[in-house]
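Below is one structure, written out as structure tokens; the observations come after it.
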Amino acid sequence: MSWRGKRKDEEDHVSDGDSEGHAPPKKTCKRDPTDDNSDEIIACEISKNRRVTVRNWNGKIMVDIREFYVKDGKQMPGKKGISLTKDQWDVLHNHVEEIDKAVNGTS
């Protein structure tokens, strides 16, 4: 096996979880500690580099589901993700049962 294949496998493993076999981070509800002026609340850490936040952006409440990366020791939001307005979140939230049934393969 070439070093490139092995390296890619290691990178994929690290990005999807903790390389030491620890459990994924638990759900939290806290203010973002890196920004004192932030109106951002971390609602849920989905994995090591993915989280759901609720924030006030330009006077609108947004639900942000996004990947993060580390730059200069700080967690920074990446391009991969989606920001939902309160109305869009409400539509998604109202359809959770249908989505859950589709994911679980029942109708």
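The values are calculated or read from the model by the stated rules, or taken from the named source; none is laboratory data. Worth saying up front: this structure is predicted, and the values here are computed from it rather than measured. Ligands, DNA and RNA are excluded from the accessible area calculation, which covers all protein heavy atoms including side chains. Shrake-Rupley method; radii C 1.70, N 1.55, O 1.52, S 1.80 Å.
Among 89, 57, the order of accessible area from largest down is 57, 89, computed with a 1.4 Å probe on protein heavy atoms. Taking all protein chains into account, the per residue accessible area for the stretch 37-90 stands at 68 Å² (1.4 Å probe).
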